[in-house]
1. Provide Rg and Dmax in Å for the range 1-56, with only Cα atoms included in the calculation.
2. With the crude spin-label approximation of a point 7 Å out along Cα→Cβ, what separation in nm comes out for residue 16 versus residue 36?
3. In terms of solvent-accessible area of protein heavy atoms at a 1.4 angstrom probe, what is the ranking of 57, 24, 32, highest value first?
Amino acid sequence: MNDFIAINFKTAMYARSGDISIGLVKFRNYQLIETFYSFIRLLKLYIRPDFSDIHGLTVI
């Protein structure tokens, strides 16, 4: 059986407190089974412009 979970983790800056979002996808036998995506609340609502260029997330 080929079960696995892939993770996508986005950051807003170089600091460890810069976590901004996480995404997970679960596969079973290479078939997509389930997805999860959530924003993570930042202590400082700031996203470096060069990071926004990479993932497209911005603060409104």
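The values are calculated or read from the model by the stated rules, or taken from the named source; none is laboratory data. The structure displayed is predicted, hence computed values, not measured ones. Cβ coordinates were reconstructed from backbone atoms using ideal geometry, including for glycine residues, and neighbour counts include every protein chain displayed. Surface accessibility is based on the protein's heavy atoms, side chains included, excluding ligands, DNA and RNA. Shrake-Rupley method; radii C 1.70, N 1.55, O 1.52, S 1.80 Å.
1. Radius of gyration, then largest Cα-Cα span, for the range 1-56: 14.1, 43 Å.
2. Placing both labels 7 Å beyond Cα along the Cβ direction yields 2.3 nm.
3. Values: 57 30, 24 60, 32 100 Å².
Sorted by accessible area, descending: 32, 24, 57.
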